[in-house]
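One structure is given here, and the rest of the page talks about it.
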Amino acid sequence: MRGLSDPRKARVEALGNWFTYVQDNLEFILEELVNHLQIVAISVGVATVVAVLLGAWAQSRPIVRALALSITGIFLTIPSLALFALFIPLFGIGNRPAIVALVLYGLLPILRNTVTGLDSVSPAVVESARGMGMSPRQQLLKVRLPLAFPVVMAGIRVSTLLIVGLTAIAVLVGGDGLGSFIQDGLTRNGFPNAGNAVVVGVVFTVALGLVLDAVLATVQRVFTPRGLLV
Amino acid sequence: MSPEPKIHLDRVGKTYPGTKIPAVEDLTLDVHEGEILVLVGPSGCGKSTTLRLINRMIEPSNGRILLDGEDVTKVNPDKLRRRIGYVIQQIGLFPHQTIAQNIATVPKMLGWEKERITEQVESLLTTVGLDPDQYRDRFPKELSGGQAQRVGVARALGADPDIMLMDEPFGAIDPITRDRLQNEFLRLQEELHKTIVFVTHDIDEAIKMGDRIAILGDRSTIRQIDTPERILAYPVDDFVDDFIGTGSTIKGLNFLKVSSLKQTDYPSISDADPCATGVAKLDEAGLEWLVLVDAQRRPLRWLHRDELAKSPASYDDLGEDVGDLLNSDDSLFHALELMVQSAAGQSVVVDKHGAFAGVVEMSHLNKAIRRAQYEARLHYEEMEANA
Amino acid sequence: MTGVFSSSLGWVRNRTPVSTTPPEGFSPDPRRRNAAELIDRWGLWIAPVLIAGLAGLLALYHRSLDLESAVMQQRSALSWSGKLWPQTLQHLEIAAYSTLLVIVIAIPLGVLLTRPAFRRVAPTLMTVANSGQAFPAYGLLVGGLFLLGNGTATVVYCLALFALLPVLRNTMVGLDGVDRSVIEAGRGMGMTRRLVLTRIELPLAVPVILAGVRTAMVLNIGMATLAFLIGGGALGITISSGLKLNQDPVLIVGAVMVAIVALTFDWLGAMAERYLRPRGL
Ligand SMILES: Nc1ncnc2c1ncn2[C@@H]1O[C@H](COP(=O)(O)OP(=O)(O)O)[C@@H](O)[C@H]1O
Ligand SMILES: [Mg+2]
């Protein structure tokens, strides 16, 4: 390492240290990564189903629509730890209160994009579908939702990123996930590898977010009706 | 022509960064004090670029620009722009400011006193035909397109600049309102005598608004610059001819006055005269129609030879209505319109007392047009000879 | 913006504003349409009533706990004057300082990044910033602890960093969204760049910037809940005591207090958005 100044040398060493730490704890990291992913997948999945159905139903019903958007907005305003905590009396500690809270967080972006996506479908297209004798359900499934799909997907991506970050807090209410490493680092503050643990928690969470977003972006592109691609 | 032009572009050029072909190339152009010079040409030919070079919204790549003989290519551009009015198609009113605040923009920057600004705003609103009490405190979104452009013009007149630059100012306005605004603006200009450079892509607007028109080709090259009537009478090449389009001759009639025609003595009889007088006059002139006038010589009706030949007891109920009458300062375009409507294929001219003065017929128009074309050609030949 | 209860999380809210009422020609029943418009219009005034109701319920619940005879841990954790009120003040203090810091940094930065000289780098910078959207707040705080030591100041710095993006993005979006012809007209009248910025661009961007500030504020209030993790105090302490001591009442009181604070300030933000926008827009 001749020629490197001292701070730089220290930095290079720290990086090497971190990789060693990751290698040594790869098994745990993978385990928590999978746990994290699981929580995210369940939350996003449930939020998507609920929000899309709710959106499709509420879009043309002004009162329901205004209420649904307002109430899901409230969920997003309540600080995450508070919302997690509120479900502990109901579900005990662990992943369950976290998942319920995360679902509530994930609703608004998807709901809103579903509603805007459906709004933006040209009335002329819906009119002609009706003119061809499609039932309201067929109009929704065959015409309106496919056309709104890219916008809905954009909402799902926003929710996913949001939930990936928030899941790190699940550990505070007894849940799993990559937040464990941050907590681990915090409790061992001052001891060796505390910093490395925190960095693992952060880096793998952000990386998970980027990967999931890339996957969803691909899904969005592949399944967008060809005629809608620009 | 005044000796020193108000605006002088001296071999000005502009090449946008990242492009090879210049948007404006080697342009030399004079704008005289108090005239409206219209820059007209196809879209993308560099009209806006040329205009924006004058107030240095764009810096020229080469050449000089002189206002009142002063080279302004080096002065502070912000200060320069405060003495030049600038109106654009999108108007660009400040949406968060009231109409009064919008109009006060430049006076405020120039440090005018409050009362003077208030007065100026009032007077400008009145000038552009908006009631100050009603519009002063409105916001731009509370105006129609036409009203907004009036405010745009008022704002450009804010500190009473000598020079106005207008880039398709009426381009986004519906045809009827546009026509009204154009007329009002011309009336305004008669009072204000600003030096105006006016950009449009619409040749009809150019003909209507311009004291002179510069027809521009690619890279803002001047294909022809002259008065509208001469351009219409004598397009110098195919480019200009194509651009002014079909009907240019007829448009040219707009610029010729009835008074410029030599009206031949035309047979007329008073309603007190006997029929025989009329027939005699027709025989003498070798014509089929004559004009029946009343005791004050005001034209009443067209009478045809056959009707006179029947020697009716009275002229009442005979002949055809003379229709609308021409005044001597009406345009030949108007004359043409009346002529095609009239039964005799001719239209009747009266003097300023309403008395019968003569008749305009198709052959007169034909001669007038030919004369205008001849004079224009002569003008260009002389110019070429002098060059 | 729609009612007070529309979401506040930065990049969640700032994508596409959406009307709570469907577009024209939707509802067959005009009465229901009107009802929805009323919700839209009066949401801002209904919100404080609902929040006050929630606070009333919490007060009743707090009283019903009968703290005098409750276990020692509950009694001390739920003392209004000893714990809850000071924690609330601390919570607000942290959120206020960090929001202020965000404003002071993000708005000038946003202005800078929209000037011609920096226009080129802005998209790259935003892409990098966006890729960190899943960044866990928890990790940021603990990282801050390691680098800067514990305490309120560290919390404020970390929060400001976390909430920087919405204000930065909204400042840039707001400035970029100003109609070019309005700027052109201003320049054409001889306004200097500085005048155009301060008299035209910034005032016109105010609504969008305010939305970003509201977002940042609500984010900060949320994150301040985690301040206890690194010795920053605030209402998170009550929640955490409830968790540690396994006392549901403490947990509930703490969580509802936090929710009330967040909703109140979101409402204030919504009021600011509605009433601080320049007239004429
Ligand atoms: N800011 C610019 N950068 C590069 N090229 C430009 C710019 N503005 C205009 N141009 C180009 O310069 C030419 C003249 O443009 P412009 O003056 O706007 O034309 P006009 O107003 O006659 O329609 C066009 O080819 C246009 O594409
Ligand atoms: Mg143009």
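The values are calculated or read from the model by the stated rules, or taken from the named source; none is laboratory data. Treat the numbers as computed from the prediction; the structure is a model and nothing was measured. When we count neighbours, we look across all protein chains shown, and the Cβ atoms used for this are built from the backbone with ideal geometry, even at glycine. The area values use the complete protein model at the heavy-atom level, side chains included, leaving out ligands, DNA and RNA. Shrake-Rupley method; radii C 1.70, N 1.55, O 1.52, S 1.80 Å.
For B:His201, C:His91, the ranking by accessible surface with the largest value first comes to B:His201, C:His91, using a 1.4 Å probe. Peptide B:83-92 is shielded by partner chain Cβ atoms: per residue, an average of 4 of them sit within 10 Å of its Cβ.
Please check which bits of the range B:147-162 a label hung off B:Asp202 would reach, taking the label as a point 7 Å along Cα-to-C-beta and the cut-off as backbone N under 20 Å. Residues B:147-154 fall inside that zone.
By the rule of a C-alpha distance below 22 Å, with chain neighbours fewer than 8 residues away ignored, the lysines paired with B:Lys310 are B:Lys281. Of the candidates B:Ala154, B:Ala214, B:Ala357, which one comes out as most mobile in a Gaussian network treatment of chain B with C-alpha springs shorter than 10 Å? Ranking B:Ala154, B:Ala214, B:Ala357 by mean-square fluctuation puts B:Ala357 first.
Mean per-residue shielding of peptide A:152-159 is 2, counting Cβ atoms of other chains within 10 Å of each Cβ. Counting protein heavy atoms only, the range C:47-275 has 68 percent of its accessible area on carbon and sulfur, 1.4 angstrom probe. Projecting the Cα atoms of B:Gly69, B:Thr200, B:Gly34 onto the dipole axis of chain B, where Lys and Arg carry +1 and Asp and Glu carry -1 at the beta carbon, places B:Gly69 farthest toward the positive end. Accessible area per residue for the range B:259-366, computed on protein heavy atoms with a 1.4 Å probe, is 53 Å². Under a Gaussian network description of chain B, with springs only between Cα atoms under 10 Å, the residue in B:Arg180, B:Arg223, B:Arg52 that fluctuates furthest is B:Arg180. Candidate cross-link partners of B:Lys257 among the lysines, defined by an alpha-carbon separation under 27 Å and a same-chain spacing of 8 or more, comprise B:Lys194, B:Lys208, B:Lys352, B:Lys367. For C:Ser76, the accessible surface of its heavy atoms amounts to roughly 50 Å² (probe 1.4 Å, protein chains only, rounded to the nearest 10). Counting charges near B:Thr98 (Lys, Arg +1; Asp, Glu -1) among other residues having Cβ under 14 Å from its Cβ returns a value of +3. Estimated from the Cβ-Cβ distance and a Förster radius of 45 angstrom, the FRET efficiency linking A:Gln138 and C:Arg119 is about 0.40.
With respect to chain A, whose longest principal axis is taken over its alpha-carbon atoms, helix A:6-24 is tilted by about 70°. All other residues whose Cβ lies under 12 angstrom from that of B:Val31 are scored, Lys and Arg at +1 and Asp and Glu at -1, for a net of -4. Rounded to the nearest Hz, the phi-derived 3J(HN,Hα) couplings of the range A:215-223 under the Karplus curve 6.51 cos²θ - 1.76 cosθ + 1.60 (θ = phi - 60°) are 4, 5, 4, 5, 4, 4, 5, 5, 9, where x marks glycine and proline. In this structure B:Asp202 has an accessible area near 50 Å², from a 1.4 Å probe over the protein heavy atoms.
Ranking A:Ala82, A:Leu172, A:Leu161 by Cα position along the charge dipole of chain A, where only Lys, Arg, Asp and Glu carry charges on their C-beta atoms, puts A:Leu161 farthest toward the positive end. Rolling a 1.4 Å probe over the protein heavy atoms gives the range C:225-281 an accessible area of 34 Å² per residue.
Peptide A:113-125 has a mean shielding of 2, counted as Cβ atoms of other protein chains within 10 Å of each residue's Cβ.
A quarter of the convex hull surface defined by the alpha-carbon atoms of the range C:47-275 gives 14.7 nm² as the mean projection. Rolling a 1.4 angstrom probe over the range A:17-225 with all protein chains present gives an accessible area of which 68% lies on carbon and sulfur atoms. Taking chain B as a Gaussian network of alpha-carbon nodes connected by springs under 10 Å, the highest mean-square fluctuation of the residues B:Arg155, B:Arg298, B:Arg230 belongs to B:Arg298.
For the charge dipole of the protein assembly as shown, defined by +1 on Lys and Arg C-beta atoms and -1 on Asp and Glu C-beta atoms about the Cα centroid, which residue among A:Phe19, B:Pro22, B:Val360 has the Cα displaced farthest towards the positive pole? So the residue furthest toward the plus end is A:Phe19. Taking accessible area as the heavy-atom solvent-accessible surface of the protein chains with a 1.4 Å probe, which residues of the range B:116-163 lose no less than 40 Å² upon going from the isolated chain to the full protein assembly? Going by heavy-atom accessible area, the residues of the range B:116-163 that drop by at least 40 Å² are B:Phe139, B:Lys141.
Shown in residue order for the range B:34-44 are the 3J(HN,Hα) couplings computed by the Karplus curve 6.51 cos²θ - 1.76 cosθ + 1.60 at θ = phi - 60°: x, 9, 9, 9, 9, 9, 10, x, x, 4, x Hz (x for Gly and Pro).
Show me the ranking of peptides B:128-134, C:135-141, A:167-173 by mean Cβ neighbours inside 10 Å, starting with the highest.
So the order, starting with the most tightly packed, is A:167-173, C:135-141, B:128-134.
A Cβ-based charge dipole, computed about the Cα centre of chain B with Lys and Arg at +1 and Asp and Glu at -1, lands at about 1580 debye.
Once C binds A, the 1.4 Å probe can no longer reach about 4500 Å² of accessible area, counting both sides.
Given a 1.4 Å probe, how much area per residue of the range A:17-225 is accessible, in Å²? Numbers along the way, then the final one.
Numbers: 8530 Å² over 209 residues.
Using a 1.4 Å probe on heavy atoms only, each residue of the range A:17-225 averages 41 Å².
Amide H to amide H distances under 5 Å link B:Arg223 with B:Ile215, B:Leu216, B:Gly217, where only residues 5 or more positions off or on other chains count and H is placed in the peptide plane. With a cut-off of 13 Å between beta carbons, the residues surrounding C:Arg279 carry a summed charge of +2, where Lys and Arg count +1 and Asp and Glu -1.
Each residue was assigned an accessible area with a 1.4 Å probe, and for A:Leu30 the value is about 90 Å². With kT/(6 pi eta Rh) evaluated at 37 °C and eta = 0.692 mPa s, and Rh the Kirkwood radius from Cα pairs, the range A:17-225 diffuses with a coefficient of 176 µm²/s according to Stokes-Einstein. Ranking B:Glu168, C:Glu37 from most to least accessible surface, computed with a 1.4 Å probe over the protein chains only, gives C:Glu37, B:Glu168. Of the complete DSSP H runs in chain C, those spanning 27 angstrom or more by Cα along the long axis with a mean Kyte-Doolittle score not below 0.0 are C:30-64, C:85-113, C:202-224, C:248-275. Sequence-ordered 3J(HN,Hα) estimates for the range A:53-67 from the Karplus curve with 6.51, -1.76 and 1.60 and θ = phi - 60° stand at 4, 4, x, 4, 6, 7, 3, 9, 10, x, 5, 4, 4, 4, 5 Hz, glycine and proline given as x.
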